[in-house]
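Heads up, the thing below is written out as structure tokens.
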Amino acid sequence: MGTLTWLLQWPLRALVLLVVAALPLGIEVANFGTALWAAVLIGLLGTLLILPLKLLLGPLWVVTSLGGLIFPVSFLFNWLIATILFALASWLIDGFTLKRGFFSALFGAAVYSLIGTVAVRALLGPGA
């Protein structure tokens, strides 16, 4: 992924975060600037923390999913990691709050990931 593609994803994912905040999930984003910083932080946390989180949760994942053979368990672990990253970003950024705590992070991360993936692929192509 090139630098230009990443730079185009940043405001697009910020807009997606504003859309998610407009849904009744208990997520509040103060303004577009806050959404921009939150989108960057979620991306950076995902880059920096994905490996440590997978190492930490890995043994439990291997046992419960039979080494990845049971797809729904793998999906749930990825969802859990996305929830942790989403919650951590909201904890670090003023103006990005989760009104219902863990449940807002759980559903917000899922909707943010789904809408974000669809939007990025629709506007920037499948390789983005």
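Values of log10 I(q)/I(0) for the chain across q = 0.13 Å⁻¹ run -0.55, by the Debye formula with one identical scatterer at each alpha carbon and no solvent. An ellipsoid equivalent to segment 20-59, defined through the eigenvalues of its Cα gyration tensor, has semi-axes of 27, 14, 5 Å when rounded to whole angstrom and sorted largest first.
Neighbours of LEU25 by Cβ distance under 12 Å: Lys/Arg scored +1, Asp/Glu scored -1, total +1. Relative contact order for the chain: 35 percent, from Cα pairs under 8 Å spaced at least 6 residues apart, divided by residue count.
Taken as entire DSSP H runs, the helices of the chain that both span 30 Å or more between Cα atoms along their own long axis and average 0.5 or more on the Kyte-Doolittle scale are 32-65, 71-92, 102-124.
FYI, it's all coordinate maths here, none of it is from the lab. Since the model is a prediction, treat every value here as computed from it, not as a measurement. Virtual Cβ from ideal backbone geometry, glycine too; neighbours counted across all protein chains shown.
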